[in-house]
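Derivation of every value follows stated rules applied to the coordinates shown; laboratory data play no part. Since we're looking at a predicted model, the values are computed, not measured. Note that each Cβ is placed from the backbone with ideal geometry, even for glycine, and that neighbours are counted across all protein chains shown.
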Amino acid sequence: MGGLSAAFTTDFLISFAFVATILIMLGLIFNLYSELSTIKKRYKKMMENSEGDSIEQMLASHTNTVNTVAEEHKKLYGRISTLEDLVRNSLARVAVIHFDAFEKTGQGLSYCVAILDRNNNGVVFSSICGQEAERSYVKPIEGGFVSDKYKLTKEEEQALRQAMGKATRN
């Protein structure tokens, strides 16, 4: 009987080990199936809006899109540079000063207008009004200064300072 019991125990242990191995394998298969299902869902979501059926086709499409966007970026950057140059050289700073050129004339009919770009290049217009006549002057400005050929009146200097943003308040 002792031999039969030992054989039964050995057979039972082998069967138990076999069943345990099968259960572990089934657990691993279920785990792999679950992970594969998750990966399939992610893959379908990733491929949802792609033009092709494979990752290679999707990557090729995205690479083409990136290259197109990079070329468009270069074009837009060039246009922005051109616009920045245009804005830098456009007339952007203006100041107007009204004053009485002659003591008894009154009414502040005389004026100076400074019109400059962002590099402080431009002109100063002046109009001096009297009872009998009116005179107009235009003086070129480069880098915020008038050439040695011309002299600025105090009103023209004030208009120029204001246009350059350097006017002092009284």
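What the table below lists for this structure:
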read-out: Residues located in the stretch 54-100, provided they are under 30 Å from ILE128 (Cα atoms) and either touching a residue at least 60 places away in the same chain (Cβ under 8 Å) or assigned to a helix (DSSP H, G or I) (or both); value: ASN89, ARG93, VAL94, ALA95, VAL96, ILE97
read-out: Selection count, the stretch 114-170, where residues are under 24 Å from PHE102 (Cα atoms), more than 36 Å from the chain's Cα centre (by Cα) and of a type in the set (S, T, N, Q); value: 7
read-out: Within the stretch 101-132, considering residues that are among the β-branched types (Val, Ile, Thr) and assigned to a strand (DSSP E or B), the one surrounded by the fewest Cβ atoms within 10 Å (Cβ to Cβ); value: VAL123
read-out: Residue in the stretch 133-142 that is in contact (Cβ under 8 Å) with a residue 12 or more places away in the chain, touching a Pro at 6+ places or on another chain (Cβ under 9 Å), part of a strand (DSSP E or B) and surrounded by 13 or more Cβ atoms within 10 Å (Cβ to Cβ) present; value: no
read-out: Unmet criterion (only one of (1) touching a Phe, Trp or Tyr at 6+ places or on another chain (Cβ under 6 Å); (2) of a type outside the set (Ser, Thr, Tyr); (3) surrounded by 14 or more Cβ atoms within 10 Å (Cβ to Cβ)) for GLN162; value: (1)
read-out: Meets criteria (hydroxyl-bearing (Ser, Thr, Tyr) and in contact with a strand residue (DSSP E or B) (Cβ under 6 Å, 6 or more places away or on another chain)) for SER147; value: no
